[in-house]
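First the structure, in the form of structure tokens, and then the observations on it.
The values are calculated or read from the model by the stated rules, or taken from the named source; none is laboratory data. Remember, predicted model here, so these are calculated numbers, not experimental data. Because the Cβ atoms are built from the backbone with ideal geometry, glycine has one as well, and the counts that use them run over all protein chains shown. In case anyone asks, the SASA skips ligands and DNA or RNA and just uses the protein heavy atoms, side chains included. Shrake-Rupley method; radii C 1.70, N 1.55, O 1.52, S 1.80 Å.
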Amino acid sequence: MDQRGFGGAARVAVIGQGTWDMESADRAAAVAALRRGLDLGMTHVDTAEMYGAGLVEDLVGEAIAGRRDEVFLVTKVLPRNASRQGTIAACERSLRRLRTDRLDCYLLHWPGSHPLAETIAAFEQLVTDGKIRAYGVSNFDVTLLEEAHGLAGDGRIACNQVLYHLQERGIEHAVLPWCERHDVTVVGYSPFGSGRFPGPRSAGGRVLAEVAAGHGATPHQVALAFLTRRDSLLAIPKAANAVHAAENAAAGALRLRDADVRRIEEAFPRGVKPRSLPTA
Ligand code: NAP
């Protein structure tokens, strides 16, 4: 599994593991899938206090028990909790559910009504206290990134986690270039469109199948390789099924040829610049 810089500091697995909605899966199967993913190098684990109202952090805590040092653990504070004191209290609750004493990265889940200056001050406090190693944002467009960067300073915002899949390439217009200029890693969420993956009989699905056949890979693996084709990009597919987890992990070694990338870009055009950052 390839590792990449994360905000210019830690090195992180290029393909990680999402956990949204895992509370609705069979718990033992979901825990087994996460552990299988860890075994295969998908050590970047993404969760949030929102997921299952804490149930998913608890499930992740079970999955990583005894192997915390292998994991690059990320969770997110809800915007409504993201005041100066609220962020610190939310972090403490997440640490308890995750059964750990530190996070590798803590994110603001999406922009909310608490002043960003308060959230960033809390993040800095948590770094000083050793509760988090780094922090970042999620669902931030360029205007908000500028504001966060202005408040936090160079090299402080480690990542921006944003929607990025074959049928939604909107971030490529402005968010991705901004992040690349400022050494902010782009973590693409919902890489399979939250389960709305191009069907095998669709025009795009046929292109994916042909590219996949040329590499002895699967269309899902080709999608992940495409979505992580630049050094600034990571992906966090969610799999509550261990077979899916293994398939996703193997994408970490797949290298597309330039001609493959061009074919996929044509089959899934990036379209016009969106008026606002897409989130679903
Ligand atoms: P996703 O990863 O795009 O798709 C998940 C779906 O794909 C599940 O139904 C899963 O099935 C299936 N799948 C996984 N691997 C597969 C494979 N190799 N072959 C076939 N199907 C496969 O969806 P997502 O959960 O929306 O996004 C991923 C993660 O991004 C989330 O879990 C979360 O951590 C993060 N996220 C963040 C935000 C944010 O606002 N920051 C928003 C959305 C998501 P099984 O589960 O049955 O394996």
Sites Ala28 and Arg80, calculated FRET efficiency, Cβ-Cβ separation with R0 41 Å, nearest 0.05: 0.80
Whole-Hz ³J(HN,Hα) from phi, Karplus 6.51 cos²θ - 1.76 cosθ + 1.60, for segment 65-75, glycine and proline x: 4, x, 9, 4, 5, 6, 9, 9, 9, 10, 9
Enumerate the amide H contacts of Gly5 below 5 Å, restricted to partners 5 or more residues apart or on another chain; note that Pro and chain-start residues carry no placed amide H. Val12
Separation between the Asp101 and Glu265 pseudo-spin-labels, each 7 Å from Cα along Cα→Cβ, expressed in nm? 4.9 nm
Can you list the lysines whose alpha carbon is less than 25 Å from that of Lys131, not counting same-chain residues fewer than 8 positions off? Lys76
Determine the dipole magnitude for the chain: charges of +1 sit on the beta-carbon of Lys and Arg, -1 on that of Asp and Glu, nothing else is charged, the reference point is the Cα centre, and the result goes in debye to the nearest 20. 380 debye
Please list, in order, the residues from segment 3-38 whose amide nitrogen is less than 14 Å from a point placed 7 Å along the Cα→Cβ vector of His215. 14-15
For the chain, with every protein chain kept in place, what is the accessible area per residue (1.4 Å probe, Å²)? 43 Å²
Return the long-range amide H neighbours of Ser138 (sequence gap of 5 or more, or a different chain), with a cut-off of under 5 Å between placed amide H atoms. Leu108, Gln161
Cα→Cβ-extended label distance, 7 Å offset, between Asn241 and Asp183, nm: 4.1 nm
Give the separation of the Cα centroids, segment 35-68 to segment 226-280, in Å. 22 Å
Along the charge dipole of segment 202-280, pointing to its positive end and built from +1/-1 on Cβ of Lys, Arg, Asp and Glu, which listed residue (Ala280, Asn241, Phe226) has its Cα farthest out? Ala280
Extended-chain gain in nm, criterion 0.36 nm per residue less alpha-carbon gap, Ala89 and Arg229: 46.7 nm
Measuring from label point to label point, each 7 Å out along Cα→Cβ, what is the Ala53 to Glu118 span in nm? 2.4 nm
Expected sort for 32-43, 48-59 on mean C-beta neighbours within 10 Å, highest first, is 32-43, 48-59
